[in-house]
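Trainee: Quick one: structure below, then a few questions.
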Amino acid sequence: MKTILGFFRGQGYLLFGLFFVLFYWASIKPPGSQRGYVEDFGHDTMTRQIMADQIREHGRPYFYTRHYGIPDGISVAYSSWTIEGSWFGGVVWNWSPEVPFLWLYFGFSLLFTYFTVGLILLKMELPIQVAWIFSAFLCVFNIPRHLVTWNRMQILYLHWVYAVFFLDALIWQMFTRHRRFSWTLELWRIFGAIGVFGTFGYFWGPTILEWVIVRSCMIGFVVIGWSKKAVKIKIEGSLSESILPSFLILLFLGCYSQWFIPLRSEALSVGDVTNGLGYFGPINLIFSPLWIDGFISYFFHIFSITAVHWRSIVFPETPVTVGWFYWIPVFLGLYTIRKKSRGPGWVAVLPFIVLLVIAVWYTGIQPKYLQYLIQAVIPFMGFFRVMSRWGVFFPIIAGVLFALSWKDFLPWMGTQLYRPSRKKIFLMALFVFTSILEMNWIFRPVHVSPELSQSTQSILNEIQKEPGSTVLDMPFCLIGGNGVCHDQCPAYPLSTVGAFFRGWHKKDVYGAYLSRLVEPQCQVYQVDPFQSWFAAWREHRCFSASDWKLTCNYLKHHPELSAVLVYPEMIQPDIPQGGGAENCLADFRRHLGPEKGVGEFFTAATLGGAGANPIHIYWFKPMCLD
């Protein structure tokens, strides 16, 4: 009740924070007059559309599709599935593909994070104004997440991770500072853990690791205290307060079982996947001062000199850099906890210090002894192959550390502000100035794909009306993100594009890009004419006479084909239009007749979202003239 009353008394701060969160959400909306190109084009959309197909055809989640990997279809058990994003997104797709689901889902994620963290901070006894402003700050200023927006879309939706980390911070604070343990809060933590399983699989292992560390520290705290006869923990909770979390736990378990049972069955039928460890994020990037790059960028911009590109600092696959506007308050909070004579001292932040050390080590240190140990012990960590994706956790861990040290930091800060010296004023002003430079990173343009051209949309819409069930893209691609089937993806990553056009032409396609594959799944294309096509595409050459003989024979015996789409710049990417690519086009015209249409799509976008680096698409009928 006290928390609820505080909620309403602080509604001015709450509304200010809410406005800030919504402003950020609106500022990163992907461009596009319809669904937005990012909604249609990419790996997340492919999994969502596969799930939409399965729900429409089977009435439930199903993890084998015959719409990709033609002619036999393919198991998609090891794709980057999320219950919230793929299953619920698939339902929305079947209802209306025009709904910008990914953007709306990100808005929901931000709002859920904001309100959940704010309420937990109030329970942690932060002042109302601090709780809501701090929650908005944590919700928005996640630089690693921001810099992969609309690129690595699965890791954008961190709301459950924020919830369980801060909930454990509250549980730990009550345990160490007040000697209380609430089994009602533990029920909420179990509910949050189930919620995490509805999001990206990369979140499962780290949140389990965090739970293990906190509970291990709790056990150690009790054992050491009992040995000194200095600790007595009061167990709290009530049946009335446990009804809602218990109901939600049962509801989510019932819902999620419809997903995980068939997913597990399909995974067992496919077999284990291989995963290498890579894409480390050096430690110096985690603690790098972003204000240096910000200052240099503004300096060069003022004098019309090309600015240092942000990738010079955040080069890992997923950025890990956080900025001093996080780390300096965290280190000051740890300093004030240590300085305080009363209270638990560093025990107040112990599990999250341990988590931070492990996260930094796991992300940036080789050889990989710790990584292998954790992956062998912690469930689901075996699928964590991109080390730098820990980057999105660092702002959350930093926020938890600062929240746990707030009770000691606030009195210390008050003494510093009382009759401050010139040195203190200078240092505070310097911190504010550098923080503004660093926080400006959140206004840098996010990764966007340009809208699909009207010419290509027209072609794909016309192909939808053609007889036949399948489109043959040349080149097409079958590959897993774990490197399996790499020989069958000569023009990776561009040759994955054909699989993403199903949102328009609605036909089945050859190939697929999945997060993980196993070697037997490559066998579908280890026969001619596919092998002859892959060889030509690997060598960046046009089809030979024998290749064309195989191709024409294949087209003759596959009347289900609706169209052949040719991407000449993918076949010979290093030769400009009018060179070798034009020669290959002449071959296609000689064998298949004149193209029925020409379109293009863009492989990059300018800062304003306009297309750059066009790839042309030529639509041919699926039959040889002779």
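The values are calculated or read from the model by the stated rules, or taken from the named source; none is laboratory data. Small disclaimer: the values here were computed from a predicted structure and weren't measured. Cβ sites come from the backbone with ideal geometry, for glycine too, and all protein chains shown count toward neighbours. The area values use the complete protein model at the heavy-atom level, side chains included, leaving out ligands, DNA and RNA. Shrake-Rupley method; radii C 1.70, N 1.55, O 1.52, S 1.80 Å.
Trainee: State all residues of segment 462-485 that are farther than 19 Å from Ala77 by Cα and in contact with a helix residue (DSSP H, G or I) (Cβ under 9 Å, 6 or more places away or on another chain); if no residue qualifies, say none. Give the derivation first.
Mentor: Of the residues in segment 462-485, the ones farther than 19 Å from Ala77 by Cα are 462-476.
Glu462, Ile463, Gln464, Glu466, Val471, Leu472, Asp473, Met474, Pro475, Phe476, listed by residue number.
Trainee: Next question. Take the residues in segment 53-78 that are in contact (Cβ under 8 Å) with a residue 40 or more places away in the chain and farther than 26 Å from Tyr492 by Cα; name whichever of them is surrounded by the most Cβ atoms within 10 Å (Cβ to Cβ). Full working, then the answer.
Mentor: Within segment 53-78, the first condition is being in contact (Cβ under 8 Å) with a residue 40 or more places away in the chain, and the residues that meet it are 60-64, 66-72, 74-78.
Checking which are farther than 26 Å from Tyr492 by Cα leaves us with 60-62.
Working: Arg60: 11, Pro61: 20, Tyr62: 17.
Result: Pro61.
Trainee: Of everything in segment 174-189, what is open to solvent by less than 20 Å² (accessible area, probe 1.4 Å) and either in contact with a Pro (Cβ under 6 Å, 6 or more places away or on another chain) or closer than 20 Å to Thr113 by Cα (or both)? Give them in sequence order.
Mentor: Thr176, Arg189
Trainee: Consider Ser455 carefully, then state whether it is crowded, with 22+ Cβ neighbours inside 10 Å and hydroxyl-bearing (Ser, Thr, Tyr). Walk me through it before giving the result.
Mentor: On the way: crowded, with 22+ Cβ neighbours inside 10 Å: no; hydroxyl-bearing (Ser, Thr, Tyr): yes.
Judged against the criteria, Ser455 is not a match.
Trainee: Quick one: would you say Trp81 is of a type outside the set (A, V, I, L, M), open to solvent by less than 30 Å² (accessible area, probe 1.4 Å) and either modelled with pLDDT of 90 or more or over 15 Å from the mean Cα position of the chain (by Cα) (or both)?
Mentor: Working: of a type outside the set (A, V, I, L, M): yes; open to solvent by less than 30 Å² (accessible area, probe 1.4 Å): yes; either modelled with pLDDT of 90 or more or over 15 Å from the mean Cα position of the chain (by Cα) (or both): no.
Criteria not met by Trp81.
Trainee: Hey, can you tell me all the residues within segment 45-59 that are of a type in the set (Lys, Arg) and at pLDDT 90 or above? Spell out how you get there, then give the answer.
Mentor: So the first thing to find is which residues in segment 45-59 are of a type in the set (Lys, Arg), and the list is 48, 56.
Matches in segment 45-59: Arg56 only.
Trainee: Looking only at segment 247-266, count how many residues are closer than 15 Å to Gln54 by Cα, surrounded by 14 or more Cβ atoms within 10 Å (Cβ to Cβ) and more than 22 Å from the chain's Cα centre (by Cα).
Mentor: Qualifying residue count, segment 247-266: 2.
Trainee: For segment 570-580, enumerate the residues that are modelled with pLDDT of 60 or more, among the aliphatic types (A, V, I, L, M) and out of contact with any Leu (no Cβ under 6 Å at 6 or more places or on another chain).
Mentor: First, pick out the residues of segment 570-580 that are modelled with pLDDT of 60 or more: 570-574.
Adding the requirement that they be among the aliphatic types (A, V, I, L, M) leaves 570-571.
Matches in segment 570-580: Ile571 only.
Trainee: Scan (1) touching a helix residue (DSSP H, G or I) at 6+ places or on another chain (Cβ under 9 Å); (2) among the aliphatic types (A, V, I, L, M); (3) open to solvent by 20 Å² or more (accessible area, probe 1.4 Å) for the single condition Ala545 breaks and write down its number.
Mentor: (1)
Trainee: Restricting to segment 414-438, count the residues that are part of a helix (DSSP H, G or I), of a type outside the set (Phe, Trp, Tyr) and open to solvent by 50 Å² or more (accessible area, probe 1.4 Å). If you could, list the steps in order and put the result at the bottom.
Mentor: Taking segment 414-438 as the starting set, the residues that turn out to be part of a helix (DSSP H, G or I) are 414-417, 422-438.
Those left that are additionally of a type outside the set (Phe, Trp, Tyr): 414-417, 422-425, 427-430, 432, 434-438.
Narrowing further to those that are open to solvent by 50 Å² or more (accessible area, probe 1.4 Å): 415, 417, 422-425, 427-430, 432, 436.
Count: 12.
Trainee: Could you pull out the residue among Pro467, Pro445, Pro450 that is in a loop (DSSP other than H, G, I, E, B), at pLDDT below 90 and open to solvent by 10 Å² or more (accessible area, probe 1.4 Å)?
Mentor: Values: Pro467 fails: at pLDDT below 90; Pro450 fails: open to solvent by 10 Å² or more (accessible area, probe 1.4 Å).
None of the other options fit; the residue is Pro445.
Trainee: So which pairs qualify, if the first residue must be in segment 164-181 and at pLDDT 95 or above, the second must be outside any helix (DSSP H, G or I) and open to solvent by 10 Å² or more (accessible area, probe 1.4 Å), the Cβ gap must be under 8 Å, and the two must be at least 6 apart or on different chains?
Mentor: Correct list of pairs: Ile171/Phe181; Ile171/Ser182.
Trainee: Going by what's in this entry, would Leu239 be described as open to solvent by 30 Å² or more (accessible area, probe 1.4 Å) and either at positive phi or at pLDDT below 90 (or both)? Before the answer, list the steps.
Mentor: Numbers: open to solvent by 30 Å² or more (accessible area, probe 1.4 Å): yes; either at positive phi or at pLDDT below 90 (or both): yes.
Yes: the conditions hold for Leu239.
Trainee: List pairs: first residue in segment 316-330 and over 23 Å from Thr149 (Cβ atoms) and aliphatic (A, V, I, L, M), second residue open to solvent by 10 Å² or more (accessible area, probe 1.4 Å) and part of a helix (DSSP H, G or I) anywhere in the structure, Cβ distance under 7 angstrom, at least six positions apart or on different chains.
Mentor: Ile328/Phe431; Val330/Phe402
Trainee: Can you pull out every residue in segment 144-161 that is within 13 Å of His447 (Cα to Cα) and either open to solvent by 10 Å² or more (accessible area, probe 1.4 Å) or not basic (Lys, Arg) (or both)? Before the answer, list the steps.
Mentor: Residues of segment 144-161 within 13 Å of His447 (Cα to Cα): 144-153, 156.
Scanning segment 144-161 gives Pro144, His146, Leu147, Val148, Thr149, Trp150, Asn151, Arg152, Met153, Leu156.
Trainee: I would also like to ask the following. In segment 480-505, how many are hydrophobic (A, V, I, L, M, F, W, C), out of contact with any Gly (no Cβ under 8 Å at 6 or more places or on another chain) and under 27 Å from Phe101 (Cα atoms)?
Mentor: Total meeting the criteria: 4.
Trainee: Restricting segment 111-134 to residues that are in a helix (DSSP H, G or I) and closer than 14 Å to Phe402 by Cβ, which is most open to solvent (accessible area, probe 1.4 Å)? Walk me through how you get there before you give the answer.
Mentor: Initially, segment 111-134 is screened for residues in a helix (DSSP H, G or I), giving 111-123, 128-134.
Next, from what is left, pick out any that are closer than 14 Å to Phe402 by Cβ: 117, 120-121, 130-131, 133-134.
On the way: Val117: 2, Ile120: 18, Leu121: 0, Val130: 36, Ala131: 0, Ile133: 64, Phe134: 29 Å².
Selected residue: Ile133.
Trainee: Pull out all pairs, ordered by first then second residue, where Cβ-Cβ is under 7 Å, the residues are six or more apart or on different chains, the first lies in segment 91-110 and is outside any loop (DSSP other than H, G, I, E, B), and the second is crowded, with 18+ Cβ neighbours inside 10 Å and among the hydroxyl-bearing types (Ser, Thr, Tyr).
Mentor: Tyr105/Tyr157; Phe106/Tyr157; Ser109/Tyr157
Trainee: Suppose we filter Pro490, Pro559, Pro573 for residues that are in a loop (DSSP other than H, G, I, E, B), within 14 Å of Ile70 (Cα to Cα) and open to solvent by 10 Å² or more (accessible area, probe 1.4 Å); which single one remains? Even if it seems obvious, please write down each step before you answer.
Mentor: Numbers: Pro490 fails: within 14 Å of Ile70 (Cα to Cα); Pro573 fails: within 14 Å of Ile70 (Cα to Cα).
So the residue among Pro490, Pro559, Pro573 that is in a loop (DSSP other than H, G, I, E, B), within 14 Å of Ile70 (Cα to Cα) and open to solvent by 10 Å² or more (accessible area, probe 1.4 Å) is Pro559.
Trainee: Another question, then. Which ones in segment 45-68 are β-branched (Val, Ile, Thr) and under 10 Å from Val91 (Cα atoms)?
Mentor: First, the residues of segment 45-68 that are β-branched (Val, Ile, Thr): 45, 47, 50, 55, 65.
Ile55 - this is the single residue of segment 45-68 that is β-branched (Val, Ile, Thr) and under 10 Å from Val91 (Cα atoms).
Trainee: Another question, if that's okay. Given (1) over 22 Å from Pro490 (Cβ atoms); (2) modelled with pLDDT of 90 or more; (3) open to solvent by 20 Å² or more (accessible area, probe 1.4 Å); (4) not in a loop (DSSP other than H, G, I, E, B), identify the lone condition not met by Glu595.
Mentor: All conditions are met except number (4).
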